[in-house]
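The values are calculated or read from the model by the stated rules, or taken from the named source; none is laboratory data. Because the structure is predicted, anything quoted here is derived from the model rather than measured. As a convention, Cβ positions derive from the backbone with ideal geometry for all residues, glycine included, and neighbour counts pool all protein chains shown. For accessibility, only protein heavy atoms count, side chains too; no ligands or nucleic acids. Shrake-Rupley method; radii C 1.70, N 1.55, O 1.52, S 1.80 Å.
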Amino acid sequence: MKIPNPIIPGFYPDPSICRVGHDYFLVASSFEYFPGVPLFHSRDLIYWRQIGHCLTRPSQLPLVTFTPSGGIFAPTIRYHNGVFYMVTTNVTDGGNFYVHTRDPFGEWSEPIWVDQSGIDPSLYFDDDGRVYLTSTFIHEPLPEEIDPANPSWGIQQSEIDIATGLHLSRPRPIWFGTGGKYPEAPHLYKIGDTYYLMIAEGGTEYNHRVTLARSASPWGPWEPCPHNPILSQGGLHSPFQGLGHADLVKAHDGSWWLVCLGFRPYSYPPYYHLGRETFLAPVTWDDQGWPHVGDHGRIRLAMAGPHLPTVVWERPPIRDDFDQPELSLPWNFLGHPWADDGSLTDRPGALRLLGNASRLDDGAPVIFIGRRQQHLDAQVAALLDFEPDADGEEAGLTVWMNPRHHYDLLVMQQAGQRRVAVRQRIGPLTAVVASEDIAPGPVTLTIRAEREKYTFGFSLDSAEPHTLATGDTRYISTEVAGGFTGVYLAMYATGNGQASRTPAFFEWFDYGEVDEQSTT
Ligand code: 6LW
């Protein structure tokens, strides 16, 4: 079957994968969102279901203060002797650490911190029992220009005691890549008697690529692959760009595959707003012992997928009725979950949000519960029961990239009158671009997401939605907003400088892909 790339759409970057028998597990970065490190499961490398997160407790992920795109960077997941390990970096608080579990469907351990600098940590369990921790190393401050004779950014490695995280050998540089900027995302493998070191170079934008080298020792010296980069999309008119940050896996039928991040830009000059997503590509090995990825190092739209027995998981429902005691897996908090972030018990069958003094523009700890936008064409709706009784009290939906780039569809009180409005924050500019007085009663907020614009509307008493305004996706795209994340569709509440007295009840939230080709 054709690979439906991206195999995990939406902001799920820096994928890492491991296999246990016929089960595949994959993790991705999560930055300032909580819980952290989303965890996916598959039986065929094509259909994936989220089964949880690795970091589900504030003791594992104290996101109390952070900047946009701070928090949790790239993770690596590995399995050894019955134990799963996930190693990552909290760039805001503490650096490199790992957690472990014997049951990936359950809770993970408390962090084991490692005194090793850099980002993109990876673990390799060698046949002789040694465990290697590989990460980037960066001489701070980075010089204006990298001196090829004295590189200041490369890959370092140490041997560690996996029980304690303590070093058994000091971290030392082992490879500087092939000359691309930002050598990072290292993973060490051993195939036969040969060690392979795979990294990313070029930075996680349009010049991103994957390079690889091999050695008889895990410390090098490294022989670069003669056809590096083994994967890139640079210089090619392709719907998939920025391919890099990859991980290899041998399937249970003996075939080899690679997961990596990429993004799907459009328009001109190109831009993207869903963030970097997870892609899959086939890998073959030549008789010289070198890997070949995809179609001559490219990922094409129509690539044959694995010949593994297909296991399709039940698709999540479009509507979340908030009728469960806990939020379902796609929902994230912005930063550390505060006690009054939300309640599912105050009114059974509704999510209650009570705004605090933080505004959306402040970022955390604004009361914010959101999910990634995973499709360029999507329909969003939510039924909001909110009767503010003080000016400044506000609740609604936000199309969110970061505190300086978001579009809000909100209900507020202004001069004693309840109003529905669309407000746009683009960098230093904020404007209410449309607003209308509305009568009391529950209001259905609607957002139609299309590739190049959002259309915001509302309806009362189940009448036909009434369009209020539109917003260009470009102005909340990565190219404009910057950062490593992707757009969230979130429910929020705020008192705009003072705590709200009036709770907002979201009775349900709909998210569904609009498949223009579908007849339904
Ligand atoms: C990730 C690193 C990177 O840790 O961006 O540009 C970081 N490349 O590999 C966040 O995704």
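Filtering Leu410, Leu376, Leu384, Leu397 for residues that are buried (at least 24 other Cβ atoms within 10 Å of the Cβ) and within 23 Å of the chain's Cα centre (by Cα) leaves a single hit, Leu397. Output the residue which, of all residues in the range 250-268 that are part of a loop (DSSP other than H, G, I, E, B) and either in contact (Cβ under 8 Å) with a residue 24 or more places away in the chain or acidic (Asp, Glu) (or both), is least open to solvent (accessible area, probe 1.4 Å). Ranking the candidates gives Ala251 first. Annotation: Glu159 fulfils all but one of (1) open to solvent by 30 Å² or more (accessible area, probe 1.4 Å); (2) in contact with a Ser or Thr (Cβ under 6 Å, 6 or more places away or on another chain); the unmet one is (1). Which condition breaks for Ser152 when tested against (1) surrounded by 14 or more Cβ atoms within 10 Å (Cβ to Cβ); (2) within 16 Å of the ligand (Cβ to nearest atom); (3) at pLDDT below 95? Ser152 satisfies all of (1) surrounded by 14 or more Cβ atoms within 10 Å (Cβ to Cβ); (2) within 16 Å of the ligand (Cβ to nearest atom); (3) at pLDDT below 95 except (2).
The range 26-133 holds strands (runs of 3 or more DSSP E) entirely within its bounds, and those carrying 2 or more residues that are of a type in the set (S, T, N, Q) and over 29 Å from Pro309 (Cα atoms) map to 83-90.
The residue of the range 443-464 that is surrounded by the fewest Cβ atoms within 10 Å (Cβ to Cβ), among those that are without any contact (Cβ under 8 Å) to a residue 60 or more places away in the chain and of a type outside the set (Gly, Ala, Ser), is Glu464.
For Arg276, the conditions (1) open to solvent by less than 70 Å² (accessible area, probe 1.4 Å); (2) farther than 24 Å from Glu450 by Cβ all hold with the exception of (2).
All told, Ile146 meets the bar of being in contact (Cβ under 8 Å) with a residue 24 or more places away in the chain, in the same structural domain as Glu201 (by TED's automatic domain parsing) and not basic (Lys, Arg). Exactly one residue out of Gly342, Gly349 is more than 25 Å from Ser30 (Cβ to Cβ), in the same structural domain as Gly416 (by TED's automatic domain parsing), in contact with a strand residue (DSSP E or B) (Cβ under 9 Å, 6 or more places away or on another chain) and open to solvent by 10 Å² or more (accessible area, probe 1.4 Å), and it is Gly349. When the range 108-127 is filtered for residues that are of a type in the set (A, V, I, L, M) and more than 16 Å from the ligand (Cβ to nearest atom), only Ile112 remains. The residue that is nearest to the ligand (Cβ to nearest atom), counting only those in the range 269-306 that are aromatic (Phe, Trp, Tyr) and not in a loop (DSSP other than H, G, I, E, B), is Phe279. Is it the case that the range 33-45 has a residue that's touching a Ser or Thr at 6+ places or on another chain (Cβ under 9 Å), open to solvent by 10 Å² or more (accessible area, probe 1.4 Å) and either over 18 Å from Glu107 (Cα atoms) or without any contact (Cβ under 8 Å) to a residue 12 or more places away in the chain (or both)? Looking through the range 33-45, at least one residue is touching a Ser or Thr at 6+ places or on another chain (Cβ under 9 Å), open to solvent by 10 Å² or more (accessible area, probe 1.4 Å) and either over 18 Å from Glu107 (Cα atoms) or without any contact (Cβ under 8 Å) to a residue 12 or more places away in the chain (or both). Remark: pairs (first residue in the range 497-517, over 23 Å from Asp320 (Cα atoms); second residue open to solvent by less than 40 Å² (accessible area, probe 1.4 Å) and among the polar types (S, T, N, Q); Cβ separation under 8 Å; 6+ apart in sequence or on different chains) = Ala499/Asn356; Ser500/Asn356; Ser500/Thr494.
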